[in-house]
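Okay, structure first, notes after.
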Amino acid sequence: MADLFDSSNAPTNEPSKIIAGDLTQWKRTDLTEYDNSLYTLKYSARLAGNGSTEIEITAIADDNDYLVSVASAVTGAYTAGTYYWQAYIIRDADSERVTIDNGIWKVIANSDTVTADPRSHARIMVDKIESLIEGRADNDVDNYAIAGRSITKMSIDELTKWRSHYQSEVDAEEDEIARRDGKSSSGTFQVRFS
């Protein structure tokens, strides 16, 4: 693995996720028509569901490229969630700008400082549904009424349908983690030649 603190090893595209509290770096090497002594590359990202939460990043000149380097102390203050970002070039002479790219970042909470349940929504739902199904062995009543009020529980068929739905999401999450780690979901290693 390359030294991730060394900016010469920075990837040449925006990350899909940023872990709060981690140094985050990337380069844009495809903007040679915008001389970085005359233009500035900036990013603006807004948190989904709360547009008032914004991340602003300014790239620096790195030879002919633009380097984005966000310190751990800065990302540590980021609110976890999904952000919609746009990148734009500003002409330094008159502050005119053009948007050149956009995308989505997921800011992941810092596991060292956050005490929230680290499981994904899908994993939590699978665990809860399995608990409900197991509980049915002790109490197999689908509905009942007391003093004019009634309660109807989901049937076993409905629960197993929802468990299958969420389990497929969990499997996709685990496959993505395995792929990033260079493994297939079966545990074998995959090799990519460039």
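The values are calculated or read from the model by the stated rules, or taken from the named source; none is laboratory data. Model, not experiment: these values are computed from the prediction. Ideal geometry is used to build each Cβ from the backbone, glycine not excepted, and the neighbour counts take in all protein chains shown.
Residues of segment 15-30 that are of a type outside the set (A, V, I, L, M, F, W, C) and more than 11 Å from Leu67 (Cα to Cα): Pro15, Ser16, Lys17, Gly21, Asp22, Asp30.
Taking the criterion of being under 16 Å from Arg91 (Cα atoms) and among the small types (Gly, Ala, Ser), the residues of segment 27-79 that qualify are Ser37, Ala59, Ala61. Put simply, of Lys17, Lys42 the only residue that is of a type in the set (Lys, Arg), under 26 Å from Glu176 (Cβ atoms) and not assigned by TED's automatic domain parsing to the domain that holds Glu176 is Lys17. Would it be correct to say that Glu130 is surrounded by fewer than 13 Cβ atoms within 10 Å (Cβ to Cβ) and either modelled with pLDDT of 80 or more or in contact with a His (Cβ under 8 Å, 6 or more places away or on another chain) (or both)? Taking the combined requirement at face value, the residue does not satisfy it. Determine if segment 62-76 includes at least one residue that is out of contact with any Pro (no Cβ under 9 Å at 6 or more places or on another chain), in a helix (DSSP H, G or I) and without any contact (Cβ under 8 Å) to a residue 40 or more places away in the chain. Looking through segment 62-76, at least one residue is out of contact with any Pro (no Cβ under 9 Å at 6 or more places or on another chain), in a helix (DSSP H, G or I) and without any contact (Cβ under 8 Å) to a residue 40 or more places away in the chain.
One residue stands out in segment 141-155 among those that are charged (D, E, K, R) and surrounded by 10 or more Cβ atoms within 10 Å (Cβ to Cβ): the one that is modelled with the lowest pLDDT, namely Asp142. Can we say Thr82 is at pLDDT below 90 and of a type in the set (Val, Ile, Thr)? No, not satisfied. Scanning segment 13-61 for residues that are in a loop (DSSP other than H, G, I, E, B), under 24 Å from the mean Cα position of the chain (by Cα), closer than 27 Å to Ala2 by Cβ and not acidic (Asp, Glu) gives Asn13, Pro15, Ser16, Ala20, Gly21, Leu23, Thr29, Ala59.
The residue pairs whose first member lies in segment 78-103 and is part of a strand (DSSP E or B), whose second member is small (Gly, Ala, Ser), and whose beta carbons are closer than 6 Å, counting only pairs six or more residues apart or on different chains, are Thr82/Ala48; Tyr83/Ala45; Trp85/Ala45; Trp85/Gly103; Gln86/Ser44; Ile100/Ala87; Asp101/Ala87.
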